[in-house]
1. Say whether the condition of being surrounded by fewer than 17 Cβ atoms within 10 Å (Cβ to Cβ), free of Cβ contacts under 8 Å to residues at least 12 places away in the same chain and farther than 21 Å from residue 191 by Cβ is met by at least one residue in the stretch 51-70.
2. What about residue 142, is it crowded, with 17+ Cβ neighbours inside 10 Å, touching a Pro at 6+ places or on another chain (Cβ under 9 Å) and part of a loop (DSSP other than H, G, I, E, B)?
3. Considering only the stretch 107-122, I want to know if a residue exists there that is of a type in the set (Phe, Trp, Tyr), outside any helix (DSSP H, G or I), within 23 Å of residue 142 (Cβ to Cβ) and modelled with pLDDT of 95 or more.
4. If you scan the stretch 165-200, which residues turn out to be acidic (Asp, Glu) and assigned to a strand (DSSP E or B)?
5. Only one of (1) among the hydrophobic types (A, V, I, L, M, F, W, C); (2) surrounded by fewer than 18 Cβ atoms within 10 Å (Cβ to Cβ); (3) within 20 Å of residue 98 (Cβ to Cβ) fails for residue 234. Which number is that?
6. Evaluate the stretch 164-177: report whether one residue or more is among the hydroxyl-bearing types (Ser, Thr, Tyr), farther than 23 Å from residue 28 by Cβ and either within 18 Å of the chain's Cα centre (by Cα) or surrounded by 22 or more Cβ atoms within 10 Å (Cβ to Cβ) (or both).
7. Restricting the stretch 201-255 to residues that are part of a strand (DSSP E or B) and of a type in the set (Phe, Trp, Tyr), which is farthest from residue 54 (Cα to Cα)?
Amino acid sequence: MLNDFLRKLESHYRNTMSVGLEKRTIQLKNDTPFVSFTFDDFPRSAFLLGGAILNKYEIRGSYYASFGMMGGKSVSGDIFIQEDIKELVSEGHEIGSHTFDHLNPWETRADIFEESIIRNQKAFFSIIPEFTFKTLAYPYTGPHPKIKRVAGKYFSCCRGGGQISNIGRIDLNLLRSCFIDRRHREDLEYFRRLLQRNNEDNGWLIFSTHDISARPSPFGCSPEIFESIVRETVGSSATILPICDVYSRIVSVGAQGN
């Protein structure tokens, strides 16, 4: 009982610090809701199966890459290879940073996290010299305020989790997203409610996942579930764009502040 209480207390403390400090805010003034589809790590299945679904509906997504993982394996399956990066870019998808070393943004020292950001960009340059990361997705968990401060120097916006939309005044150093994973992937109504709320509030709903597989890891979902959510989104009133493109849209009409 005591251990459970202490874990909850620690989780509350981390979330309060992560959400409340080192904010870089902007007021959403868009006249249409936005939705983005994003993939973390990213497994090859996110490109081969997830990308095929997005392309079917003429949608572009954001793929967050840790180049230190390239060509390797993870619990989510085989990780992307160089050719996947080149093809995704040619199709107009966004490649975002996930740090070179896939570092925990709460436990890692700020200088080490910054070095991994820089190393990841150099690895991207070695494959496609003319491209620069515009956005970042934090691996694992919410970031420490010191990490938010560092990341904000390098990226237009940075994405976390939270299972909520971005509504009203949003934090560009910690955009919230809704993961399609073992928690809710079998509950299509859950995602319909998120879409409906986002449409009503003219918000920015970011869907995040990892692998797209017939036998998904705890962090991914099946092609059928993913396509159902994409189809529901296409049928809504939302404008569907990668993270970097939504950022460009909102800053053109928003007023940045603290």
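1. There is no residue in the stretch 51-70 that is surrounded by fewer than 17 Cβ atoms within 10 Å (Cβ to Cβ), free of Cβ contacts under 8 Å to residues at least 12 places away in the same chain and farther than 21 Å from residue 191 by Cβ.
2. When the stated conditions are applied, residue 142 passes them.
3. Checked against the condition, which is being of a type in the set (Phe, Trp, Tyr), outside any helix (DSSP H, G or I), within 23 Å of residue 142 (Cβ to Cβ) and modelled with pLDDT of 95 or more, the stretch 107-122 yields no hits at all.
4. Once the filter is applied, which keeps residues that are acidic (Asp, Glu) and assigned to a strand (DSSP E or B), the stretch 165-200 yields only 171.
5. Failed condition: (3).
6. no
7. Looking at residues that are part of a strand (DSSP E or B) and of a type in the set (Phe, Trp, Tyr), I get 204.
The values are calculated or read from the model by the stated rules, or taken from the named source; none is laboratory data. Just so it is clear, the structure is predicted and the values come from calculations on it, not from any experiment. Note that we place each Cβ from the backbone using ideal geometry, even for glycine, and neighbour counts take in every protein chain shown.
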